[in-house]
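Written below as structure tokens is the structure these notes are about.
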Amino acid sequence: MELKNENFQEEIKTGLVLVDFFATWCGPCKMQSAVLEEIENEVKIVKVDVDQHESLAREYSVMSIPTLILFKDGAVVTKNVGFMPKQALLSLIEENKN
């Protein structure tokens with residue numbers, strides 16, 4: 001699901017949510033997207049195009065992409081800059097489920 005500025009807070013406020021800050025022209029972002037598709041049954045994943053939503057990128061200090069931010073009940077749990085392999089993502093999700 002791709003988020004918009006207007007519904008971002010609503011989408012991240014409950015449960016575990018992995019937010020993917022990306023750009024359509026970014027090669028590593030495309031690689032990350034493929035991995036995210038493989039784990040979409042494990043966690044709610046939302047995508048934010050930094051070119052279209054610069055204010056959200058600024059608000060969360062996204063300076064490089066891809067940047068993945070894991071939220072739990074609306075609060076930032078962890079932030080990762082750069083490509084993250086599937087197993088590392090699954091471990092991160094499992095650590096924060098409870």
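The values are calculated or read from the model by the stated rules, or taken from the named source; none is laboratory data. Predicted, not measured: the structure shown is a model, and the values here were computed from it. Quick reminder, even Gly has a Cβ in these numbers, built from the backbone with ideal geometry, and neighbours come from all protein chains shown. The protein model used for the area step is the full one, side chains on, heavy atoms only, and it has no ligands, DNA or RNA in it. Shrake-Rupley method; radii C 1.70, N 1.55, O 1.52, S 1.80 Å.
Give the number of residues within the stretch 20-61 that are closer than 18 Å to residue 89 by Cα, open to solvent by less than 20 Å² (accessible area, probe 1.4 Å) and of a type in the set (Asp, Glu).
Final tally of qualifying residues: 1.
So that you can scan it fast, the table gives a plain yes or no per residue for (1) under 12 Å from the mean Cα position of the chain (by Cα); (2) in a strand (DSSP E or B); (3) of a type in the set (Val, Ile, Thr):
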{"site": "19", "(1), (2), (3)": "yes, yes, yes"}
{"site": "24", "(1), (2), (3)": "no, no, yes"}
{"site": "31", "(1), (2), (3)": "no, no, no"}
{"site": "71", "(1), (2), (3)": "yes, yes, no"}
{"site": "83", "(1), (2), (3)": "yes, no, no"}
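Which residues, counting only those in the stretch 80-94, are without any contact (Cβ under 8 Å) to a residue 60 or more places away in the chain and in contact with a strand residue (DSSP E or B) (Cβ under 9 Å, 6 or more places away or on another chain)?
If the condition is that a residue be without any contact (Cβ under 8 Å) to a residue 60 or more places away in the chain and in contact with a strand residue (DSSP E or B) (Cβ under 9 Å, 6 or more places away or on another chain), then 80, 81, 82, 84, 88, 92 are the ones that fit.
Does residue 30 count as out of contact with any strand residue (DSSP E or B) (no Cβ under 8 Å at 6 or more places or on another chain) and either aliphatic (A, V, I, L, M) or at pLDDT 95 or above (or both)?
Criteria met by residue 30.
Residues in the stretch 62-79 that are free of Cβ contacts under 8 Å to residues at least 60 places away in the same chain and open to solvent by 70 Å² or more (accessible area, probe 1.4 Å): how many?
Adding up the residues that qualify gives 3.
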